[in-house]
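S.K.: To start, I am sharing the structure in question, which I have written as structure tokens.
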Amino acid sequence: MAVIAVLGAGKIGEALLSGLLHGGRKPGELLFTERYPERAEELTRRYGVRGVDVPEAAKLADVLIVAVKPQDIEPLLDELGPLLRPETLVVSLCAGLPTALYERRLAEGTPVVRVMPNTPMVVGAAMSAISPGRYATPEHLALVEELLACVGSVVRVPESQQDAVTALSGSGPAYFFFLVEAMIDAGILLGLPRNIAEKLIVQSAVGAAKMLAETGEHPVTLREAVTSPAGTTINAIRELENHGVRAALLAAIEAARDRSVELGKAHD
Ligand SMILES: NC(=O)c1ccc[n+]([C@@H]2O[C@H](COP(=O)([O-])OP(=O)(O)OC[C@H]3O[C@@H](n4cnc5c(N)ncnc54)[C@H](OP(=O)(O)O)[C@@H]3O)[C@@H](O)[C@H]2O)c1
């Protein structure tokens with residue numbers, strides 16, 4: 001079994017460790033690095049996984065999963081550069097960092113797979129998109145797909161589409177949270193107690209998401225099924241269209257994509 005080290009056991013790194021254990025990996029096959037000793041001890045107590053320093057992770061691991069914040073990548077690459085064996089698979093979860101950055105800074109031929117996950121990873125429901133770098137083989141991609149399947153769904157995309165993915169599913173949960181927040185406000189406006197409004201909307205969101213995921217029906221079909229002639233829903237839909245909500249979403253997601261492209265240029 002491959003030894004997997006998670007570099008940076010923050011929110012995403014911890015979620016992945018926990019998911020890998022639930023997915024059947026043994027604690028002895030996993031390692032993590034963490035800067036604060038107390039946090040490292042807590043993680044070891046919680047998961048039975050050993051915390052190590054970066055040189056030891058580089059020496060022992062077959063797969064290194066980089067889960068530090070993008071702004072912390074430079075010192076980490078400085079440290080890894082002279083240590084890493086070129087056969088070690090590097091999996092980057094860092095938003096906006098191209099595989100070419102790792103390929104430039106690590107040993108010639110190091111296989112790199114770039115991943116754009118999202119925060120529902122903390123509840124095992126992530127959407128992750130993976131892209132191979134220059135030296136990653138189909139076997140490397142298959143392994144990364146298998147690892148990430150422990151914490152949600154996985155799709156493969158060319159790296160050129162990662163900015164679009166970032167705007168759509170990377171930031172996607174935030175759009176839904178925003179929508180839920182606005183709908184709860186609407187409940188308050190209509191005189192409902194906040195806790196009731198929250199329950200009504202959160203459960204409606206869960207139910208709608210389950211219908212989308214489980215029936216395989218197109219969203220238009222599902223919406224039409226609750227939009228009866230001269231009914232209440234069509235009145236609401238007319239207002240959404242009047243206020244340009246569809247156009248606002250297209251523009252918002254395009255703006256997020258543009259910002260992702262801009263941030264990526266810093267690493268060219
Ligand atoms: N959260 C999201 O929605 C999301 C979505 C997609 C992708 N991502 C990506 O996932 C990555 C992690 O995000 P996160 O939200 O989990 O961040 P986070 O909670 O800040 O976790 C990053 C962890 O890495 C640690 N770290 C930094 N440099 C290190 C080093 N050299 N050695 C060991 N540990 C180090 C940090 O320690 P300190 O606390 O000491 O700084 C922190 O514990 C980011 O690159 C982000 O772009 C996140």
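A short reminder: the numbers here are calculations on the coordinates, not readings from a lab. Since this is a predicted model, take the numbers as computed values, not measurements. So basically every Cβ, Gly included, is an ideal-geometry build from the backbone, and we count neighbours across all protein chains shown.
S.K.: Ordered by residue, what ³J(HN,Hα) values in Hz, to whole numbers, does segment 205-211 give under the Karplus form 6.51 cos²θ - 1.76 cosθ + 1.60, where θ = phi - 60° and Gly and Pro are x?
M.R.: 5, 4, x, 5, 5, 5, 4
S.K.: Continuing with the same structure: Give me the distance in nm between label points sitting 7 Å out from Cα along the Cα-to-Cβ direction at E254 and A2, one decimal.
M.R.: If labels sit at E254 and A2, their model points lie 3.9 nm apart.
S.K.: Counting only DSSP beta bridges with both residues in segment 4-158, tell me the antiparallel percent, nearest 5.
M.R.: Around 15 percent of the beta bridges assigned by DSSP in segment 4-158 are antiparallel ones.
S.K.: How big is the dipole moment of segment 144-233 about its Cα centre under a simple scheme where the beta carbon of each Lys and Arg is +1, that of each Asp and Glu is -1, and everything else is neutral? Debye, nearest 20, please.
M.R.: 340 debye
S.K.: Something else: List the relative contact order of the chain as a percent without decimals, with contacts defined as Cα pairs under 8 Å and 6+ residues apart. Intermediate results must be reported in sequence, preceding the final value.
M.R.: Working: 391 pairs, mean separation 38.1, N = 268.
Relative contact order of the chain: 14 percent.
S.K.: Now a separate question. With both partners inside the chain, how many of the DSSP beta bridges are antiparallel, as a percent to the nearest 5?
M.R.: Values: 4 of 26 bridges.
Antiparallel bridges make up about 15 percent of those DSSP assigns within the chain.
S.K.: Quick check: net charge around G96, other residues with Cβ under 14 Å of its Cβ, Lys/Arg +1 and Asp/Glu -1?
M.R.: Summing Lys and Arg as +1 and Asp and Glu as -1 gives -2.
S.K.: Related question: If you take the alpha carbon radius of gyration of the chain and divide it by 2.2 N^0.38 Å, what ratio comes out, to two decimals?
M.R.: With N residues counted in the chain, Rg over 2.2 N^0.38 Å equals 1.16.
S.K.: Separate question: Going by Cα centres, segment 136-171 and segment 172-203 are how many Å apart?
M.R.: When both Cα centres are located, 31 Å separates them.
S.K.: Once you charge only the Cβ atoms, +1 for Lys and Arg and -1 for Asp and Glu, what is the size of the charge dipole of the chain about its Cα centre, to the nearest 20 debye?
M.R.: Values: 25 positive and 33 negative charges, 80 e Å.
The calculation lands at about 380 debye.
S.K.: Would you look at the GNM of the chain, springs on alpha carbons closer than 10 Å, and say which of A149, A95, A236 moves the most?
M.R.: A236
S.K.: Compute the signed sum of charges (Lys and Arg +1, Asp and Glu -1) over the other residues within less than 11 Å, Cβ to Cβ, of V112.
M.R.: Summing Lys/Arg as +1 and Asp/Glu as -1 gives +2.
S.K.: Collect residues whose amide H, placed 1.01 Å from N in the peptide plane, falls under 5 Å from the amide H of R156; neighbours closer than 5 in sequence don't count.
M.R.: Distant-sequence amide H within range of R156: I130.
S.K.: What full-extension length gain, to one decimal in nm, is calculated for R39 and F178 as 0.36 nm per residue of separation minus the Cα-Cα distance? Don't jump to the answer; show the numbers that get you there.
M.R.: Numbers: separation 139, 0.36 × 139 = 50.04 nm, distance 3.14 nm.
Additional length available on full extension: 46.9 nm.
S.K.: Under a 5 Å amide H to amide H cut-off, with H placed in plane at 1.01 Å, what residues pair with I65 once short-range neighbours are removed?
M.R.: Answer set, sorted by chain and number: A5, V6, L7, V91.
S.K.: Summing Lys, Arg as +1 and Asp, Glu as -1, what charge do residues with Cβ under 15 Å from the Cβ of L21 carry, L21 excluded?
M.R.: +2
S.K.: Could you give me the ³J(HN,Hα) list for segment 226-233, computed from phi with Karplus coefficients 6.51, -1.76, 1.60 and θ = phi - 60°, whole Hz, x at Gly and Pro?
M.R.: The phi angles translate into 10, 10, 7, x, 6, x, 6, 4 Hz.
S.K.: At a 10 Å Cβ-Cβ cut-off, how would you order M183, M121, M127, fewest neighbours first?
M.R.: In increasing order of surrounding Cβ atoms, one gets M183, M127, M121.
S.K.: Can you flag which of K26/K210; K11/K265; K26/K199; K210/K265; K26/K69 are past 29 Å Cα-Cα?
M.R.: From the list (K26/K210; K11/K265; K26/K199; K210/K265; K26/K69), the Cα-Cα distance tops 29 Å for K26/K210; K26/K199; K210/K265.
S.K.: Based on Cα positions only, what radius of gyration and what Dmax would you give for segment 50-132, in angstroms?
M.R.: 12.7, 37
S.K.: List the residues, sorted by chain then number, that are 5 or more residues from N118 or on another chain and whose placed amide H is less than 5 Å from its amide H.
M.R.: For N118, the qualifying residues are M127.
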